[in-house]
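All remarks here apply to the structure that follows.
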Amino acid sequence: MTDHAHAPVRTTALRPLADVVLPRTALVSTALVVGGALLTAGAAQVSVPLWPVPITGQTLAVLLVGSALGARRGALSMLVYALLGVVGLPVFADGTGGADVLVGPTGGYVVGFVAAAALVGWVAERFGDRRFTAALLSFVLGTVVTFAAGMAWLAVSLGLDLQRTLEYGLYPFVVGGLAKALVGAGVTSLGWTAALRRRATRGTMG
């Protein structure tokens, strides 16, 4: 009796948040993928100029998109974002676009967005991210993946040694990265609370 009572909650926890709120149809999934790319593009314009890597809101958007959409759609959303930039739309930081951004010093971070969204989405689907601590751990891991990919390409493109790579690509972003992970985990936790409360209310009314 107890196992059956808990089964619906367990199933819900192992689905990405978007699938709890919206029906999973091809049309909805397409809209979510495109919407995630546009959200990331908008967050990219919230930036603090810094050479060679600006401080932006992109990483927060990437984490939220991956968590909400799951691994496959989260990664696809970031691929769409990258492709929009490659074709010249001003979706990268400071309203820039073009393939030269991807092959430039910051291109590795964009590639890292795809991996980070996939990882955060995978965690949401495999372990659940309803609890704040679970979401926070997932978001921290996603942030680490983003910066690992970004710093690797930064070092190659500018010919930097390890110390310079850390100075340019990591140290200025540690506090902000942790803050964005905390904010993202809070938003995700609140989103789950609202979604499950809505489901419970509908169940009661039904």
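Bear in mind these aren't lab numbers, they're just calculated from the coordinates by the rules spelled out. Since the structure is predicted, the reported quantities are computational estimates derived from the model, not experimental observations. So basically every Cβ, Gly included, is an ideal-geometry build from the backbone, and we count neighbours across all protein chains shown.
Values as computed for the structure displayed
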item	result
T133 vs. criteria more than 11 Å from the chain's Cα centre (by Cα), among the hydroxyl-bearing types (S, T, Y) and over 30 Å from W192 (Cα atoms)	no
Test: L102 is closer than 30 Å to R164 by Cα, assigned to a helix (DSSP H, G or I) and more than 17 Å from the chain's Cα centre (by Cα)	yes
Selection from the range 39-79 of residues that are in contact (Cβ under 8 Å) with a residue 60 or more places away in the chain and not in a loop (DSSP other than H, G, I, E, B)	T40, I55, T59, L60, V62, L63, L64, G66, S67, A68
Any helices (runs of 4 or more DSSP H) falling wholly within the range 107-206 and containing at least 3 residues that are under 23 Å from A75 (Cβ atoms)	107-126, 132-158, 174-205
Scan of the range 44-70 for residues that are among the hydrophobic types (A, V, I, L, M, F, W, C), crowded, with 22+ Cβ neighbours inside 10 Å and out of contact with any Pro (no Cβ under 8 Å at 6 or more places or on another chain), ordered by number	A44, L60, A61, V62, L63, L64, V65
Contacts under 6 angstrom Cβ, first residue in the range 146-168 being small (G, A, S), partner outside any helix (DSSP H, G or I) and surrounded by 20 or more Cβ atoms within 10 Å (Cβ to Cβ), 6 or more apart	S157/P105
